[in-house]
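The values are calculated or read from the model by the stated rules, or taken from the named source; none is laboratory data. Given the structure is predicted, the values throughout are model-derived calculations rather than measurements. Cβ sites come from the backbone with ideal geometry, for glycine too, and all protein chains shown count toward neighbours.
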Amino acid sequence: MVIRYLNSQKNTSHQNSYSQPASSLTFFNRNELNQILSIYGKKVSEGKWKDYAIDHLEHSAIFSFFRNTFENAALKIIKNKKMNKSKLKYHLVSAAGIVIKRSNEIENIIKYLNSANLEIIKK
């Protein structure tokens, strides 16, 4: 198992996002996780995804999908607690950091993942 930290700041006190009180972090609720893990299981059975990671930060929660344990995330679903410029709660982001889909409903992101033939292309 590989553990990756989004905040890779060089800090001698070894603090990470979990050193903050749980009330200040953003989490996926049970319904959101059930929907995300359902699509994840489908894509694993198709051989497209192999691993995942969940990160809880102060203003966002991130569910990352990996094709391989030792690669960067192929896709990420980001849940924003604080609304940013787009004023939409959920974002589907590619490995390159490009926002593919935005919505206030997780169902729309999941429908897009179900309907789209998303393939990772390497140059």
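Does SER64 fit the bill of being modelled with pLDDT of 90 or more, at negative phi, outside any loop (DSSP other than H, G, I, E, B) and of a type in the set (S, T, N, Q)? Steps first, please.
On the way: modelled with pLDDT of 90 or more: yes; at negative phi: yes; outside any loop (DSSP other than H, G, I, E, B): yes; of a type in the set (S, T, N, Q): yes.
Criteria met by SER64.
Just to check your reading of the model, which residue among LEU57, LEU75 is of a type outside the set (Val, Ile, Thr), surrounded by 13 or more Cβ atoms within 10 Å (Cβ to Cβ), under 14 Å from the mean Cα position of the chain (by Cα) and farther than 16 Å from LYS111 by Cα?
LEU57
With respect to TYR52, is the statement that it is within 16 Å of SER94 (Cα to Cα) and assigned to a helix (DSSP H, G or I) true?
Values: within 16 Å of SER94 (Cα to Cα): yes; assigned to a helix (DSSP H, G or I): no.
So TYR52 fails the test.
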